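K.L.:
Structure in structure tokens, see below.
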Amino acid sequence: MIVGGYSLHLYCDGARHAELHPNKLGSLDAEFAGHDEADCNRQARRKGWRLNKQQGKAYCPACIKARSPK
């Protein structure tokens, strides 16, 4: 039997992340598991994460909300 899978572990690269979440400085912010990378990316985006593959950066939903103009 061949078993395969993919896991995606995201840490927020937001400039104010440490200020918004002081308890999550060194801890894992999000973990996703799926069939492949695309599946994990879809799950992360559904949860509100913004992924920038060109820059290799990820931003959590709280940092995106804090950045958006009100």
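K.L.:
Could you please find all residues in segment 49-70 being in contact with a helix residue (DSSP H, G or I) (Cβ under 7 Å, 6 or more places away or on another chain) and over 15 Å from Tyr11 (Cβ atoms)?
P.N.:
Selection gives Ala66 alone.
K.L.:
Can you name the residue in segment 42-62 that is touching a His at 6+ places or on another chain (Cβ under 9 Å) and of a type outside the set (Ser, Thr, Tyr) and is also modelled with the lowest pLDDT among such residues?
P.N.:
Applying the filter and picking the extreme gives Ala62.
K.L.:
What number of residues in segment 5-29 are at pLDDT below 75 and among the small types (Gly, Ala, Ser)?
P.N.:
Within segment 5-29, residues that are at pLDDT below 75 and among the small types (Gly, Ala, Ser) number 2.
K.L.:
Can you name the residue in segment 30-41 that is at pLDDT 90 or above and surrounded by 14 or more Cβ atoms within 10 Å (Cβ to Cβ) and, of all such residues, is nearest to Ile64 (Cα to Cα)?
P.N.:
Checking each candidate, the answer is Asn41.
The values are calculated or read from the model by the stated rules, or taken from the named source; none is laboratory data. None of the values given here were measured: they were computed from a predicted structure. Because the Cβ atoms are built from the backbone with ideal geometry, glycine has one as well, and the counts that use them run over all protein chains shown.
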